[in-house]
Amino acid sequence: MFEKMVKLSRVKSPWVCHFNSGSCNGCDIEIIAALMPRFDAERFGVLLKGSPRHADVLLCTGPVTGQMKERLIKIYEQMPEPKFVVAFGECACTGAVYTGAYNVEGGIDKVIPVNAYVPGCPPKPEAILDGVVKLLTAFKESE
Amino acid sequence: MTPIESLIYMLVFPGFLFLTSYAFFCQYLDRKLYARFQKRVGPPFIQPIADFIKLLAKEDIVPKAADNRMFSAAPIVGLAAVLTAFIFIPVLALHSVIPSFEGDLIVVLYLLTIPTLAIFLAGWTSGNPFGQVGAMRAIVQMISYEIPFFLALLAPALIVGSWSLGRILDYQLGGMWLVIFAPLAVIIAIVTLQGKLERLPFDIPDAETEIVGGPLTEYSGRRLALFRAMLDVEMVVGAALIVTLFFGGYDLIISFSDLPWYLPVLLNAVIFFVKVLFIVGILALIKAVVARYRIDQMVSLSYRWLIPLSVAQIVFIVVLKFGGWLI
């Protein structure tokens, strides 16, 4: 029962940390749009936190550039367990048009494990909330 | 009171257990009102408890650069100080003489200073540059809001002529609430309480758009949960102090003298906590309508306006008192 309560609390309060690993800023604008009063992410318990130490979900945008690779790993390792990573946007999922560029490693999953992908260029604000909710539902149903 | 009664008073009602759950409710109310002011839906009812349990269950990290003992002690000391402060505030009308001693107002004010120092130490010893900048801002902010806050709460003590919360409350039970004599002091106390709680417009220490998480940047897991609980309880204690000093504590105009003895006690406690909720609502309203000050603006606001105004309030009260217009 105790386990169940902890799990429910985790589902009810995902705090998000936003990380840009070389995105064109299109996805970042959509993330800000998703957190604005019109969509009201706080009704699902989502809060945007500046510090990765406070966060449960790392929202990554953009392909991983050579410069950002080490920093992305560092930020990921600073987050306390249990942690989730959401790759937001086409570039974060696969590397998209930047695949094979001399300074690009590829998608986020080339560097750190990713739990959910939200495709789109950029995805709509609804898509990010949908992605987070799907991630949490999958977590809730898992053992 | 017998030892058992005292233990129940401290640990169950209105102490630890009741106070923390009431503080969570106040956090919910604050966030919900804030959301409604912005035309949002707001968080569900269980949100504060869900946040708390989630943080308790998270991994606990102490950074290598941090001083381990200070890092762990800061949230516990801060939470203990605010929980202790609430014990001195009269809530239950159990006895004909309110249990209180001369100078407990000073004790409560002193205990309410400790959370800020805990936050300062937390930021300073966490070994993070953002934490250290936030800690310095917290201390600069403290020396500017503490003086008007103390001066504002001196006003009721001057009117009654006592440092005891019980006697100040007793004065209001018979006659008028002190807000009538010291309206300016109430406003100053509420504004500076916002600074004490590090909320808008004075959330300079943990300005998340400037310095990540302020003094709490390196905190995670259960220590962060304790810090958040500390801030909630501090909000309740600050609001309860203002209610006791200015709004007549558990007093209501109607008297319940012809009811059995336990009903008036219960009703008085309910009235007290409803009044605290009103103060929390005002704090949420302030948070919703203002933007953040810079640290120099905050210091100049409190030294140019709040301190002179609170001194003017005190002069006004002294004139009233020596003119013989106060009872």
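Table for the structure above
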item	result
The stretch B:47-61 residues that are farther than 8 Å from residue B:225 by Cβ and facing chain A (nearest Cβ under 7 Å), paired with ones that are β-branched (Val, Ile, Thr) and not in a loop (DSSP other than H, G, I, E, B) (beta carbon under 7 Å, 6 or more apart)	B:53/A:6; B:57/A:6
Some residue of the stretch A:18-34 being modelled with pLDDT under 85, within 14 Å of chain B (Cβ to nearest Cβ) and open to solvent by less than 30 Å² (accessible area, probe 1.4 Å)	yes
Set B:42, B:15: member being within 24 Å of residue B:84 (Cβ to Cβ) and small (Gly, Ala, Ser)	B:15
Residue match in the stretch B:102-117 (condition: more than 14 Å from every other protein chain (Cβ to nearest Cβ), open to solvent by less than 50 Å² (accessible area, probe 1.4 Å) and part of a loop (DSSP other than H, G, I, E, B))	yes
Any hit, the stretch B:234-253, residues being without any contact (Cβ under 8 Å) to a residue 24 or more places away in the chain, surrounded by fewer than 21 Cβ atoms within 10 Å (Cβ to Cβ), out of contact with any His (no Cβ under 6 Å at 6 or more places or on another chain) and farther than 28 Å from residue B:208 by Cα	yes
Qualifying position, being more than 14 Å from chain A (Cβ to nearest Cβ), open to solvent by 50 Å² or more (accessible area, probe 1.4 Å) and not in a helix (DSSP H, G or I), among B:25, B:13	B:13
Test: residue in the stretch B:160-175 that is among the polar types (S, T, N, Q) and under 26 Å from residue B:20 (Cβ atoms)	no
Residues of the stretch B:209-223 satisfying the condition of being more than 7 Å from every other protein chain (Cβ to nearest Cβ) and either under 22 Å from the mean Cα position of the chain (by Cα) or open to solvent by 20 Å² or more (accessible area, probe 1.4 Å) (or both)	B:209, B:210, B:214, B:215, B:216, B:222, B:223
Residue tally, condition surrounded by fewer than 16 Cβ atoms within 10 Å (Cβ to Cβ) and in a loop (DSSP other than H, G, I, E, B), over the stretch B:28-43	3
Of all residues in the stretch A:84-109 being within 15 Å of the chain's Cα centre (by Cα) and open to solvent by less than 10 Å² (accessible area, probe 1.4 Å), the one that is farthest from residue A:24 (Cα to Cα)	A:85
Residue in the stretch B:66-78 that is within 13 Å of another protein chain (Cβ to nearest Cβ), open to solvent by 10 Å² or more (accessible area, probe 1.4 Å), more than 29 Å from residue B:282 (Cα to Cα) and touching a residue at least 24 places away in the same chain (Cβ under 8 Å) present	yes
Conditions (1) in a helix (DSSP H, G or I); (2) open to solvent by 10 Å² or more (accessible area, probe 1.4 Å); (3) of a type outside the set (A, V, I, L, M): number failed by residue B:206	(1)
Which listed residue is modelled with pLDDT under 80 and of a type outside the set (A, V, I, L, M), from B:258, B:232	B:258
Per-region count, the stretch A:35-46, residues buried (at least 21 other Cβ atoms within 10 Å of the Cβ) and more than 7 Å from chain B (Cβ to nearest Cβ)	2
Any hit, the stretch B:179-195, residues being open to solvent by 50 Å² or more (accessible area, probe 1.4 Å), of a type outside the set (A, V, I, L, M) and assigned to a helix (DSSP H, G or I)	yes
Scan of the stretch A:1-14 for residues that are under 21 Å from residue B:36 (Cα atoms) and open to solvent by 60 Å² or more (accessible area, probe 1.4 Å), ordered by number	A:12
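Conditions tested, residue by residue: (1) within 14 Å of chain B (Cβ to nearest Cβ); (2) closer than 20 Å to residue A:133 by Cα; (3) more than 11 Å from the chain's Cα centre (by Cα); (4) buried (at least 17 other Cβ atoms within 10 Å of the Cβ).
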position: A:16; (1), (2), (3), (4): yes, yes, no, yes
position: A:51; (1), (2), (3), (4): yes, no, yes, yes
position: A:67; (1), (2), (3), (4): no, no, yes, no
position: A:71; (1), (2), (3), (4): no, no, yes, no
position: A:82; (1), (2), (3), (4): yes, yes, yes, no
position: A:111; (1), (2), (3), (4): no, no, yes, yes
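The values are calculated or read from the model by the stated rules, or taken from the named source; none is laboratory data. Everything numeric in this text was worked out from a predicted model, so none of it was measured. Every residue, glycine as well, gets a Cβ built from its backbone with ideal geometry; the counts of neighbours run over all protein chains shown. Remember, those area values only see protein heavy atoms, side chains included, never the ligands or the DNA or RNA. Shrake-Rupley method; radii C 1.70, N 1.55, O 1.52, S 1.80 Å.
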